[in-house]
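Reading through the structure tokens given below for one structure.
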Amino acid sequence: MRNRIGGGLVIVAVALALFARQWFFVVDERNQAILLQFGEPVATITESGLSTKIPFIQNVIYFEKRVLSSDGSPQEYLTRDKKRLVVDHVTRWRIEDPLLFYKAVRTESGARARLDDIVFSELRRELATVDFAEVISDQRDPIMERVAASSATTASEFGIDLVDVRVKRADLPMEVEQSVFNRMRAERQRDSALFRAEGEEQANIIRAQADRASTVIMAEGYRDAQTLRGEGEAAAIRIYADALSQDREFYAFSRRLESYGEILKQGDRVVVAAGANFFDYLLNHELTTELLATSTVTDE
């Protein structure tokens with residue numbers, strides 16, 4: 001008996017759970033919902049909480065209340081100065097009117113496709129009115145604000161509140177990028193060649209100045225050396241003249257001895273003419289002795 005009662009209670013509990021599931025539904029704070037009856041919208045629930053529906057006749061479709069994002073594929077645009085530009089953008093949006101949203105685009109994927117078309121169109125129109133330099137400069141934010149404002153007006157017709165549109169990346173097409181890179185490289189090579197030429201010119205100027213300074217220094221040194229040499233020779237001649245005026249014979253004797261020291265070396269054999277007087281002071285001992293004695297007396 002108890003088993004039959006327990007089994008009956010289980011069946012009743014399951015039936016109640018299924019019944020409650022058909023009668024009640026919950027909308028949390030992250031979502032909003034549309035109540036459909038035979039496929040036609042009959043109510044919109046935007047507040048979180050517990051709601052009721054008619055079993056097997058009505059059903060519920062949920063939509064996000066949070067901010068969503070749509071990452072469009074990169075597209076090529078033409079600026080006012082006829083420059084090609086590849087722009088990759090991201091769109092942030094939320095479902096503002098679930099009923100209008102459901103009637104217009106049905107699902108989030110349909111909404112993303114429609115938003116991409118809208119933003120692509122507005123971007124194409126806006127970028128055609130500005131130059132390439134403005135897009136890649138600090139003027140990008142005002143441009144995107146204008147794109148977001150114009151896109152939001154169109155998106156509101158689909159129950160969508162467009163929050164923002166931002167550019168993730170703005171590049172030149174690959175073939176244009178390569179040509180720009182080649183041009184930049186050629187400009188850098190031209191600049192480097194110019195710098196090298198200017199450096200070589202300065203180096204030549206410095207070398208010329210150094211060579212001129214070296215030549216001047218060498219010339220002045222040679223001049224001073226010649227002057228000093230001339231002064232030394234003049235002093236030597238004056239000394240020789242003074243010595244000659246004091247004792248002509250002794251002067252000749254001392255000069256001849258200096259010549260002997262320069263010419264005669266140990267082991268040398270010298271052949272001279274019979275009448276030559278070069279060795280007079282070596283051969284005439286009496287004259288040599290007299291000169292040495294005279295020099296000794298004179299020194300005392």
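Things to note:
- Arg140 being modelled with pLDDT under 90 and over 30 Å from Asn31 (Cβ atoms): yes
- Residue tally, condition in a loop (DSSP other than H, G, I, E, B) and not hydroxyl-bearing (Ser, Thr, Tyr), over the range 69-79: 2
- Annotation note: Cβ proximity below 9 Å between a residue of the range 256-272 that is part of a helix (DSSP H, G or I) and a residue that is loosely packed, with under 10 Cβ neighbours inside 10 Å and hydrophobic (A, V, I, L, M, F, W, C) (sequence gap 6+ or interchain) occurs for Ile263/Val270.
- Residue match in the range 80-101 (condition: assigned to a loop (DSSP other than H, G, I, E, B), modelled with pLDDT of 90 or more and either among the aliphatic types (A, V, I, L, M) or not assigned by TED's automatic domain parsing to the domain that holds Val147 (or both)): no
- Flag for Arg66 being modelled with pLDDT of 90 or more, closer than 30 Å to Gln178 by Cβ and not in a strand (DSSP E or B): no
- Only a single criterion out of (1) without any contact (Cβ under 8 Å) to a residue 24 or more places away in the chain; (2) more than 36 Å from the chain's Cα centre (by Cα); (3) within 19 Å of Glu76 (Cα to Cα) is not satisfied by Ser151, namely (1).
- Those strands (runs of 3 or more DSSP E) lying entirely in the range 18-63 with at least 2 residues surrounded by fewer than 11 Cβ atoms within 10 Å (Cβ to Cβ), among the hydrophobic types (A, V, I, L, M, F, W, C) and at pLDDT 90 or above: none
The values are calculated or read from the model by the stated rules, or taken from the named source; none is laboratory data. Worth saying up front: this structure is predicted, and the values here are computed from it rather than measured. Note that each Cβ is placed from the backbone with ideal geometry, even for glycine, and that neighbours are counted across all protein chains shown.
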